[in-house]
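Structure, as structure tokens:
The values are calculated or read from the model by the stated rules, or taken from the named source; none is laboratory data. These figures come from a predicted structure and were not determined experimentally. Note that each Cβ is placed from the backbone with ideal geometry, even for glycine, and that neighbours are counted across all protein chains shown. Just so you know, the surface numbers come from the protein's heavy atoms only, side chains and all, with ligands and any DNA or RNA stripped out. Shrake-Rupley method; radii C 1.70, N 1.55, O 1.52, S 1.80 Å.
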Amino acid sequence: MSKEIYENPDLKKERQNCPFNKEEITHLLDGGKEKTIERKQLENYILSDEQLKDAVPMEYLSHADKYAEELRKACLLMHKLADSPAGQVPTLRALMGAGLGSAVLKEGNPLALHYVMFIPALMGQGTIDQQAKWLEKAYNLNMIGTYAQTELGHGTFLRGLETRATYDPKTQEFILESPSLTAYKWWPGSLGKTANYAVVMAQLYTKGKCEGTHPFMVQLRDEETHEPLPGIVNMWLNPVCISSYIHYGTYVKPTNSKLSYATMVFVRVVVCQDVTTNLRKAVTIATRYSCVRRQSELKPGDREPQVMDYQAQQNKLLPPLAATFAFQLAADHLWNLYHTANNNIEQGDLELLPDLHGLSCALKALCSSEAANFVEVCRQSCGGHGYMSCSNFPRIYGQVTAAETYEGENTVLWLQVARYLVKTRKEQSGGLSVKYLIGEEKGPKTVDTTLEGIVKLYRRAAVGLVDVAIAELDKSGRKGEAPHDAWNHAAVYLIKAAQAHARLFVVESFVDSLKEGKLSAPVRTVLSQLCELFIIYWLLERSGDFFLCSNLTKQDLLLLNSKYVELLAAIRPQAVNLVDSFDLRDEVLNSPLGCWDGNVYQRLFDEAAKSPLNQSNVHESFHKYLKPLLKSNL
Ligand SMILES: CCCCC/C=C\C/C=C\C/C=C\CCC(=O)SCCNC(=O)CCNC(=O)[C@H](O)C(C)(C)COP(=O)(O)OP(=O)(O)OC[C@H]1O[C@@H](n2cnc3c(N)ncnc32)[C@H](O)[C@@H]1OP(=O)(O)O
Ligand SMILES: Cc1cc2nc3c(=O)[nH]c(=O)nc-3n(C[C@H](O)[C@H](O)[C@H](O)COP(=O)(O)OP(=O)(O)OC[C@H]3O[C@@H](n4cnc5c(N)ncnc54)[C@H](O)[C@@H]3O)c2cc1C
């Protein structure tokens, strides 16, 4: 007789009479029905392999055992690549990020940097000959690489990196050296124990002149013994300058010195998608738990309500739910811009490079910081159980907050965005993605609080805040301040302008995607409600920007507040159906709070029982330490 599948009765009720086709949203997020089928086949292929399951929860292993266990599984995954039903590239993409890969490699993939930065660096910066020599070796995993740029003393300021690569015309070799302790490469993933090669960013010196940071291919370890090569600690020999600009001993300047930064741009683009995947996991866990959890008293004398019925809980969870769609659609737009710009750059056309840099910085900083804040709100919305390691919130939060720092610390990226916006506004040229800065936007006299009207307000705020920042810069200039001092003293305004620009891009992406998308009426209705909720939420959160730059009035704000709480109530009934549409398997959520069946308490109990401390009633330490204390009559 088939085992009755348990489903929490509250979750079961939430799922009844769903007014829209969940699979339609699943296909939208996957990029089409075929992609969904491919993803599900791949998930079954990977998650059905018993060798990829953890014998004990990772949190109970030592540091070294965690590394060994993750490496074992990562290598097994690579062996499974060849027979993957989804093909190599989609499989690798799924295994590297916060999605399917995180169901197997809970502490992170020791081979991630090889695929996410090392190979892209070779593809983007290597000459044809170098690619012929290294790419096949890298794809065949006959070498494991990393991207070694950050040093103990420098991560942000690339022009300040201390590692030197001095070209010796006699031997036609580069001598790489770390001239000081602060020059030691620090942070590169896999550098410690896994990689045997690295793309090393170093200052290129030739004929006594520094030509700036360039990428070098360096062998770190013996390919057989894995022992570090001689002198590896502070001296690397025989590196190869990738995309060599040394022709017959003479340095030939690249068409754009920032092309050597291209790998970072690629990762910033993929980080937007990755943090969105993590946010989807957090929202799913918190939403399902909030419909299982019953607590307190809403109506005197009534049964304890589902905590999702509190407006305060809806205010916590529905904006991040909406954000997952907003960020996904914006990340898709950015990915398309990346491909267009990259194809043009390969033809020597660099026109879109500033736009790509500006937008990738803006979206990486916005999505990572907003996702980090939203993940923490999701964790808090689950009370004490959200604090448990097995909830998966600590791990998701750790991964998302890391993205606020790596690949460009967010503040630094915001200032890069501001530099691009000020230049575009002042020069009234370029600015593919910031057309509003070129034309003279006439702000609406009275505020129109329709969706289109609110988007216009976002545009007013975006252009207005750039003008406020420029006015500050000009004011400092008139006081005789040097440009770098004026820039530093306007930083607060510059960052606000950059953030308003990033929010405008996300809002326009969401609205435009709904206009262009071929959606059924029910799906369009629920996504439009989420879109309106989200853009009003952000406006209410940043109302100062809009008061400063538009004719928004107190009455308008009160009206928008009312609209916002109406939308919370309208979306509440579909919260579980919306997160079910993400189609995230329990193994990917990896949380007893978020499991599909809602059997939360039993799963929490089972997780607790796995702790080594729960394998006996009295731990040996009692006899060693506590008992003597109890007897000592202090
Ligand atoms: C496939 C699925 C994957 C899923 C997994 C996803 C994620 C997880 C995977 C990987 C992450 C893991 C590890 C992270 C790895 C790292 O962290 S690698 C190290 C990252 N480090 C950085 O990002 C360093 C940040 N700093 C910089 O980029 C630069 O120092 C700077 C801040 C940009 C300043 O550079 P500088 O040379 O000083 O330039 P300046 O500010 O003077 O500007 C000069 C002009 O150059 C333009 N510009 C700057 N950068 C770029 C660029 N990248 N592209 C194009 N143009 C650029 C700038 O706009 C200026 O132009 P003007 O016209 O003169 O204004
Ligand atoms: C999980 C993780 C993985 C990583 N993986 C890699 C890797 O694989 N390879 C690699 O090379 N690196 C890696 N890194 C390093 C990472 O890229 C750097 O930490 C990052 O670029 C930030 O640089 P920093 O550490 O020097 O911070 P800093 O720049 O020193 O930041 C300190 C403070 O200074 C501020 N600041 C700095 N410059 C300015 C400015 N111009 N204006 C205003 N404020 C400023 C920052 O905003 C910040 O508040 C990783 C980091 C993490 C956390």
Inter-label distance for Glu566 and His484, nm, one decimal - labels placed 7 Å from Cα along Cα-to-Cβ: 5.5
Dipole of segment 142-261, positive direction: furthest Cα of Asn256, Leu220, Met201, with charges on the beta-carbon: Asn256
message: I'd like the Karplus ³J(HN,Hα) series for segment 551-559: coefficients 6.51, -1.76, 1.60, θ = phi - 60°, whole numbers in Hz, and an x wherever there's a Gly or Pro.
response: 8, 4, 10, 4, 4, 4, 5, 5, 5
field: Calculated from backbone phi, Karplus (6.51, -1.76, 1.60) coupling profile of segment 59-69 in Hz, x at Gly/Pro
entry: 5, 9, 9, 6, 4, 5, 5, 4, 4, 4, 5
- line: For Asn21, other-chain or 5+-apart residues with amide H closer than 5 Å (H placed, Pro excluded) are Val523
- prompt: Modelled label-to-label distance, Arg15 and Ser180, 7 Å Cα→beta-carbon offset: nm?
  reply: 6.1
- line: Contour minus Cα-Cα span, Leu558 to Tyr310, at 0.36 nm per residue, comes to 87.2 nm
message: Multiplying the sequence separation of Arg303 and Arg542 by 0.36 nm and subtracting their Cα-Cα distance, what value in nm do you get?
response: 82.3 nm
query: Suppose R0 equals 60 Å; then what is the FRET efficiency for Trp187 and Thr446 from their Cβ-Cβ distance, rounded to the nearest 0.05?
result: 0.70
Cβ-based charge dipole, the chain, positive-most Cα from Leu557, Asn17, Phe327: Leu557
- prompt: Taking the Cβ of Lys35 as the center, what net charge do the other residues with Cβ under 14 Å away carry, scoring Lys and Arg +1 and Asp and Glu -1?
  reply: -4
field: Sequence-distant residues sharing a close amide H with Phe216 (under 5 Å, placed H)
entry: Val200, Met201, Ala202, Ile242
- request: For Glu620 and Ser429, compute 0.36 nm times the residue count separating them, minus their Cα-Cα distance, and round to one decimal in nm.
  value: 61.5 nm
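Under unit Cβ charges (Lys, Arg +1; Asp, Glu -1), what dipole magnitude, rounded to 20 debye, does segment 398-519 have relative to its Cα centre? Please list the in-between numbers first.
Values: 17 positive and 16 negative charges, 77 e Å.
Roughly 380 debye, rounded to the nearest 20.
What's the magnitude of the charge dipole for segment 256-404 around its Cα centre, counting Lys and Arg as +1 and Asp and Glu as -1 at the beta-carbon? Answer in Debye, nearest 20. Provide the component values of the computation, followed by the final result.
Numbers: 13 positive and 13 negative charges, 135 e Å.
Magnitude of the dipole: close to 640 debye.
Could you check how much of the accessible area of segment 142-261 is carbon and sulfur, as a whole percent, using a 1.4 Å probe? Kindly include the intermediate steps, with their values, before the conclusion.
Details: 3440 of 6030 Å².
Carbon with sulfur: 57 percent of the solvent-accessible area.
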message: Explain nothing, just the number: dipole magnitude of segment 142-261 about its Cα centre with +1 on each Lys and Arg Cβ and -1 on each Asp and Glu Cβ, in debye rounded to the nearest 20.
response: 500
query: Accessible area, 1.4 Å probe, largest first: how do Glu607, Glu4 sort?
result: Glu4, Glu607
query: Which net charge results for the neighbourhood of Leu527, defined as the other residues with beta-carbon distances under 13 angstrom from its beta-carbon, given Lys and Arg at +1 and Asp and Glu at -1?
result: 0
- prompt: Whose amide H sits under 5 Å from the amide H of Thr146, counting only residues 5 or more places off or on another chain, with H placed in the peptide plane?
  reply: Tyr197, Ala198, Val199
- prompt: Residues in segment 563-600 near a label at Ser48, defined as backbone nitrogen under 15 Å from the 7 Å Cα→Cβ point?
  reply: none
- prompt: Mind listing the phi-derived Karplus ³J(HN,Hα) values for segment 511-525, rounded to whole Hz, using 6.51, -1.76 and 1.60 with θ = phi - 60°, and x for any glycine or proline?
  reply: 5, 5, 5, 6, 5, 7, x, 8, 10, 5, 4, x, 5, 4, 4
- prompt: Which of the residue pairs Lys80/Lys281; Lys316/Lys475; Lys80/Lys185 have a Cα-Cα distance greater than 30 Å in the structure shown?
  reply: Lys316/Lys475; Lys80/Lys185
query: Taking +1 at the Cβ of each Lys and Arg and -1 at the Cβ of each Asp and Glu, which of Gly544, Tyr458, Trp487 sits farthest along the dipole of segment 455-553 towards its positive end, judged by Cα position relative to the Cα centre?
result: Tyr458
- prompt: So for the pair Lys35, Asp349, with labels modelled 7 Å out along Cα→Cβ, what separation do we get in nm?
  reply: 2.5
